[in-house]
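Asks: The structure under discussion is supplied below as structure tokens; questions concerning it will follow.
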Amino acid sequence: MEIELISVLAFGFLLGMKHAIEPDHVIAVSTIASQSQKLWRASLAGVFWGIGHTATLFVVGLLLMLMKNEIPETLAMTLEFAVGIMLVYLGLNAVFQFRKRKIHAHSHTHGGVEHNHFHSHEQVSAHEHPHPRVSYLKSVFIGFVHGLAGSAAMLLLTLETVDTVWQAMSFILVFGLGTVLSMLLFTTAISVPFLMTQDKPRFHSVLIRTTGAFSAVFGVYYMYGVGVTDGLFKLWFS
């Protein structure tokens, strides 16, 4: 029995690693990681995404199992549709942030180290400014939205895999650990091109905007798939 449970948990861990790199997850986190100027900050963006995703699955899954209930189809699909909206927002934000904030690059020194750095003189003209940081709260929120959208499918998978509530919670936690590790590795890798092009302002700007544009386009495609192909709009107005 213990060997069987360990096998199930190992399966959950590997499934979590695979789940983390689904296109909507990868694209959303890429828009956050692309804004980092340090490798470890980009990596943490992936970790915080995994924390938000796992916490949501755990809490929603536990509540639904205790109440012996399931998420209605219309609500589940609406949450999926919300993922598309979020992707469009994240993409457009990345595309227009340079123009909106009048961002440009120049060389300067911090702590005796000279490097190129993007910033804005939207409010002041001096070159004294703090380094912008990746929003970990935004990463958690992205994971939260993805967790809500995937909670229905996760609950079904869990109930088909295990027999008791504590086994189900263990499965979801191990699954979440797999997503955290996978997203940590991915965001670390995806941030490298952005970090390596910081001394090439034009190319760096194009890279970020391209990532944002791809996110926005994919978000529209995602909403079309859920709304039209999967029939959410019909459910809304039926």
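Asks: Given a 1.4 angstrom probe, I'd like the percentage of the accessible area of the range 1-94 that is carbon and sulfur, rounded to a whole number.
Replies: So the carbon and sulfur contribution to the accessible surface is 73 percent.
Asks: Let me ask you something else. Just add up the charged neighbours of GLY50: K/R +1, D/E -1, any other residue whose Cβ is under 15 Å from the Cβ of GLY50.
Replies: Local charge sum for GLY50: 0.
Asks: Now for a different question. If you count, for each residue, the other Cβ atoms within 10 Å and average over each peptide, how do 181-191, 87-97 line up from highest to lowest?
Replies: Top of the packing list down: 181-191, 87-97.
Asks: Moving on to the next point. Per residue, what accessible area does the range 159-221 have, given a 1.4 Å probe and all protein chains present, in Å²?
Replies: About 52 Å² of surface per residue is accessible.
Asks: Got a sec? What order do LEU195, LEU156 fall in by accessible area at 1.4 Å, biggest, i.e. largest, first?
Replies: Values: LEU195 40, LEU156 105 Å².
Final ranking, largest accessible area leading: LEU156, LEU195.
Asks: Please list, by residue number, every one of the trypsin sites (Lys or Arg not before Pro) in the range 1-51 that is coil in DSSP and has at most 14 other beta-carbon atoms within 10 Å.
Replies: LYS38
Asks: Oh, and also: Charges only on Cβ, +1 for Lys and Arg, -1 for Asp and Glu: so what's the dipole of the range 1-91 about the Cα centre, in debye to the nearest 20? Before the final figure, lay out each step's value.
Replies: Details: 4 positive and 7 negative charges, 90 e Å.
Here the size comes out at about 440 debye.
Asks: What's the Kirkwood radius of the range 1-55 in Å, using all Cα pairs? Working shown, then result.
Replies: Working: mean 1/r = 0.0786 Å⁻¹.
Hydrodynamic radius (Kirkwood, Cα pairs) of the range 1-55 is 12.7 Å.
Asks: Okay, next question. Net charge near GLY84: determine it from the other residues with C-beta under 15 Å of the C-beta of GLY84, scoring Lys and Arg +1 and Asp and Glu -1. Display every interim value, and only then the final one.
Replies: On the way: positive: none; negative: GLU22, ASP24, GLU80, ASP230.
Net charge in that neighbourhood comes out at -4.
The values are calculated or read from the model by the stated rules, or taken from the named source; none is laboratory data. Values in this document were obtained by computation on a predicted structure and should not be read as measured data. As a convention, Cβ positions derive from the backbone with ideal geometry for all residues, glycine included, and neighbour counts pool all protein chains shown. In case anyone asks, the SASA skips ligands and DNA or RNA and just uses the protein heavy atoms, side chains included. Shrake-Rupley method; radii C 1.70, N 1.55, O 1.52, S 1.80 Å.
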